[in-house]
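The values are calculated or read from the model by the stated rules, or taken from the named source; none is laboratory data. Please read all numbers here as calculations on a predicted model, not as lab measurements. Cβ: placed from backbone, ideal geometry, glycine included. Neighbour counts: every protein chain shown. When the accessible area is computed, the model is the full protein with side chains, heavy atoms only, and any ligands, DNA or RNA have been set aside. Shrake-Rupley method; radii C 1.70, N 1.55, O 1.52, S 1.80 Å.
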Amino acid sequence: MSTLRDPADALLEWYDRHARDLPWRIGPGPRARGARPDPYRVWLSEVMLQQTTVAAVRDYFHRFTTLWPTVEALAAAEDGRVMGEWAGLGYYARARNLLKCARVVTHEHGGRFPETAEALRQLPGIGPYTAAAIAAIAFDRPETVVDGNVERVIARRFDIRTPLPAAKPEIAARAGELTPEARPGCYAQAVMDLGATICTPKNPACGICPWRDDCAGRLAGTAAELPAKTPKKPKPVRHGIAYLARRVDGAWLLERRPDSGLLGGMLGWPGSEWTEGDPAPAPPIRAEWRDVGAEARHTFTHFHLRLALRTALVPMERTPERGAFLPLEEFRPSDLPTVMRKAFDLAAKG
DNA sequence: AATGCGGGGTC
DNA sequence: GACCCAGCATT
């Protein structure tokens, strides 16, 4: 019989001492008395946390749960209002799917989230990771979560040198073997906390890691270099022109972008196509356009953008060819995605 | 299996 | 600057 402690127990003991206090978690006291976190809050936090750091999510989570405390309340919200509150968080398909999911849960599941990963997986915006996370954290199911943190922790612990994404099946299998039957929700959060605070991408703090004695990567000296990844393609630079038209009564000319594609469903300034060559001018209304000295620079997932800015003051009676004038009292700069917000700050206030 | 899809922290 | 992140949908 081995004298080695079960690795899951070692990690859970570490988690009990070091768990971060996060708004979507419940305290250790209530948890010990059998309380479970609200599935709505678990779901909302997990969707917000997709490819997004805890620091970026905090304020958004607080605003969303204040505005919409239940899934039914969110389901009844106006689309544009939700997109506006999501503005700045990125990956806007998440917000569209969030609303879809809230409405399905409200109208087809009686306002209750399904309790199995398989059933959760059928909902919009819920993939393998999020389904496992909700099932484990909210419903205490022994599901294995595999996110970027887990991939790094597992690749190091077992010294898996196959580059991602090819290594995903092996990593998932190893992660599954470690998942305990007891306290699966705590365990899932513990592995991710470990990856976020100790087993970090750079300069991992191996000396204080609860798994330091059975980490193959640490013993082999490869930990800090793992996981290996296939190289990414360089980002090209695209150029565009944005047109910020202000009507004499203070209204701004904006357009709602189509649901699919970049910044889908978000409010934005009308403009040219974004091309790697010179963009073709595309003023949305007849006016005397004035070039703003500065350009808005922004980096998206797969390209850099340099956006030239043009402004104009237009009279009341003139009608736009694209977009619609939004009255000043209905215009909130915070409803804009970041690149459009940068353009506004430069053109209107710069 | 590959690609499109944001933005901010961190080094 | 590049890299990374509590990934998902689409093709």
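A few remarks follow.
- Charged-residue dipole, Cβ positions (Lys, Arg, Asp, Glu), segment A:237-349 about Cα centre, Debye nearest 20: 200
- Dipole axis of chain A (+1 Lys, Arg; -1 Asp, Glu on Cβ), positive-most option in A:Trp68, A:Gly207, A:Leu307: A:Leu307
- Computed label-point distance, nm, for sites A:Ala172 and A:Glu13 using a 7 Å Cα→Cβ extension: 3.2
- The charge dipole of segment A:187-264, taken about its Cα centre with unit charges on the Cβ atoms of Lys, Arg (+1), Asp and Glu (-1) only, comes to about 520 debye.
- Only helices enter this figure: runs of n ≥ 4 DSSP H residues, each worth -39500 (n - 2.57), summed and divided by the residues of chain A, yield -11000 deg cm²/dmol at 222 nm to the nearest 500.
- Relative contact order of segment A:7-225, taken over Cα pairs closer than 8 Å and 6 or more residues apart, is 22 percent.
- Å² per residue, accessible surface of chain A at 1.4 Å: 51
- Apportionment of accessible area to carbon and sulfur, chain A, percent (1.4 Å): 51
- Dipole magnitude of chain A about its Cα centre (Cβ charges: Lys, Arg +1; Asp, Glu -1), debye to nearest 20: 660
- Projected-area average for chain A over all orientations - Cα convex hull basis, square nanometres: 21.2
- Computed label-point distance, nm, for sites A:Ala224 and A:Leu328 using a 7 Å Cα→Cβ extension: 5.7
- Kirkwood hydrodynamic radius of segment A:195-346, from inverse mean 1/r over distinct Cα pairs, in Å: 18.7
- Taking segment A:103-221 and dividing mean pair separation by its residue count, relative contact order in percent (alpha carbons under 8 Å, at least six apart): 25
- Highest-MSF residue in chain A out of A:Leu244, A:Leu263, A:Leu219 [GNM, Cα springs under 10 Å]: A:Leu219
- Using a simple spin-label model with pseudo-atoms 7 Å out from Cα toward Cβ, A:Glu273 and A:Asp21 lie 5.4 nm apart.
- Sequence-distant residues sharing a close amide H with A:His304 (under 5 Å, placed H): A:Val237, A:Arg238
- Projecting the Cα atoms of A:Ala245, A:Ala343, A:Pro281 onto the dipole axis of segment A:237-349, where Lys and Arg carry +1 and Asp and Glu carry -1 at the beta carbon, places A:Ala343 farthest toward the positive end.
- Antiparallel %, DSSP beta bridges [both residues in segment A:237-349], to 5: 60
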